[in-house]
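Working notes, beginning with the structure itself.
The values are calculated or read from the model by the stated rules, or taken from the named source; none is laboratory data. These figures come from a predicted structure and were not determined experimentally. No Cβ is skipped: glycine too gets one built from the backbone with ideal geometry, and neighbour counts run over all protein chains shown. When the accessible area is computed, the model is the full protein with side chains, heavy atoms only, and any ligands, DNA or RNA have been set aside. Shrake-Rupley method; radii C 1.70, N 1.55, O 1.52, S 1.80 Å.
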Amino acid sequence: MSLSKASSEVSPAFDISGDSSIREAEDRLREAMEELERRQRRTRHLHPPCDHADDSCVANAIGNLCQSFLLSYGVRVGIGILLRAFKLARGHSYASLLDLKQLVSEKDLIVREEACRVGLLFGGFTGSYHALRCTLRKWRKKETPFNVVLAGSVAGLSILALDDSNRRRTLALYLLARLAQCAYNSAKSKKMFHLWGSHLRHGDSLLFSLACAQVMYAFVMRPESLPKSYQDFIQKTGPVAAPIYKAVRECCRGSPVDIAALSIYLSNRRTSKLLKLEEFPSIIPCSMIHPDTSSCVAHNVSATSATFRKTFPLYFSLTFVPFVVLRLQKFMTSPLRTCWHAVTGAVRSTTFLSAFVGIFQGVICLHRKVAVKDHKLVYWVAGGIAALSVLLEKKARRGELALYVLPRAVDSWWYILVNHHLLPDIKNAEVALFCMCMGGIMYYLEHEPDTMAPLLRNLIRRFLASRMSNPGPLPSRNTSYTYLHTLDAKKKPNAAETETSVSQTYNLEAIPGL
């Protein structure tokens, strides 16, 4: 009786996990058991077990393909429907919101082909990636980073589902920026390399400013270097008409201004009779840039408010629809809170974009108050100054916006260099670049996930829909694996809880009826 009492008093005080010698012994035992398993597999010509439990490799690949296709298809269609609803509501046609013919008709909602292409891109990548991983695991009889890189690179050929080379190039450059971010974070964490000034608080805002400077310069001076859809978005968002930008471009280059086109545009404007059109002007005056009002301040205020009204539906759709589709369980738990977060996020992002437009136009007008000759670098500087409006966004969003605009800037810069014959024009180079980047991204996702931005990491894991993001018990594991897994659980309880919470958040299959 006394012995049992003494043992009960001693055992709590004796902490095995805190003893360094015990931990070292566990580490050595782990390594020995892993080496034993590898030798057994080599002897029996077995491959490492797959991570999809009782499902066959083919069923796992097809299932993930279908799930990713439906997710991406649903996101694209949902955004299209919501934008269509905003358009009907803006025209005060509220009753038509309940009319499916007007809301989702083929004539007014043309998203079917684009949604299918987006679905084939994401679904094709997910399914082929899982299939290739299983194939390489069985063929090479080992699991190495090479498997991940090769599977990701080959699966990247799904980018061919997009028929527009400009969109493919933009997406490839976006992934290149993300891959560079992962490589830099990895090198910095290992104390191998870091950029001077990387510790600065507003380094992301500086990067965004430089990227926006190049984009706005390209929009005014070299619009052909930007994708057509991007040109249209900037043109519709801003308050200055296309003929005016054309005249500014010709003026800066010293070319004759198209007076006929300017006359047609200014014919119905208020101050058109007071304007004197010249074939070789030194600068395009403010009276042509905003002919409907003589006040630059009033024009910029009007442009800011108009931009807010035009872009709020877009930002709300981009915020609300992906959140509902990708986090349906969380939305069903608290729908009002989700809508509130979507509205506040959209208001903040729309305010940032509206301020960008107002500041850009303000810098242009200010230049005309103090200068008598125009110069193309003015628009580069104006874009950089206007980009400071990104400070209105959340800190976490600034880096995301910088990495979103940076590929556009690089794309424009690349086009200009190719146009000047400083770089070769290689056909389908964007496909090879996308494949290379996907191989690198999948390596960092699998082996160094902390180097990736949380948004990108969670998004890829959600679309991959694999056991990597939805871990579960695998009955095919042997006793040694179970013991090793137990040791890991003892050492990293918080990590296990974190993975469980991520699985519960992103697991659509856990909802009844889906």
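Between their Cα atoms, which of LYS246/LYS276; LYS228/LYS394; LYS228/LYS310; LYS310/LYS395; LYS276/LYS373 are more than 21 Å away from each other? Over 21 Å Cα-Cα: LYS228/LYS394; LYS310/LYS395. Pop out the carbon and sulfur fraction of the accessible area of region 327-455 as a percent, whole number, probe 1.4 Å. Carbon with sulfur: 69 percent of the solvent-accessible area.
With θ taken as phi - 60° and the Karplus curve 6.51 cos²θ - 1.76 cosθ + 1.60 applied, the whole-hertz 3J(HN,Hα) list for region 279-293 is 6, 10, x, 6, 7, 7, x, 4, 5, 8, 5, 10, x, 7, 8 Hz, x standing for glycine and proline. Listed peptides 210-221, 142-153, 22-33 appear in the order 210-221, 142-153, 22-33 once ranked by packing, highest mean of other Cβ atoms within 10 Å at the front. Whole-Hz Karplus values for region 238-255 come out as x, x, 9, 6, 4, x, 5, 4, 5, 5, 4, 5, 5, 5, 5, 8, x, 8 Hz, taken residue by residue from phi with 6.51 cos²θ - 1.76 cosθ + 1.60 and θ = phi - 60°; glycine and proline positions read x. The HN-Hα couplings worked out from phi for region 344-357 by the Karplus form 6.51 cos²θ - 1.76 cosθ + 1.60 (θ = phi - 60°) are 5, x, 5, 5, 5, 5, 5, 4, 4, 5, 5, 5, 4, 5 Hz, whole numbers, x standing for Gly and Pro. Modelled this way, with points 7 Å down the Cα-to-C-beta line, the labels at LEU157 and ARG348 are 4.3 nm from one another.
Mind ranking TRP380, TRP413, TRP340 by accessible surface for me, highest first, 1.4 Å probe?
Numbers: TRP380 95, TRP413 140, TRP340 160 Å².
Of TRP380, TRP413, TRP340, the descending order of accessible area is TRP340, TRP413, TRP380.
Taking the average, over residues, of other Cβ atoms within 10 Å as the packing measure, peptides 312-322, 56-66, 436-446 rank 436-446, 312-322, 56-66 from highest down.
Here the label points at LYS310 and LEU36, each 7 Å from Cα along the C-beta direction, are separated by 7.0 nm in the simple model.
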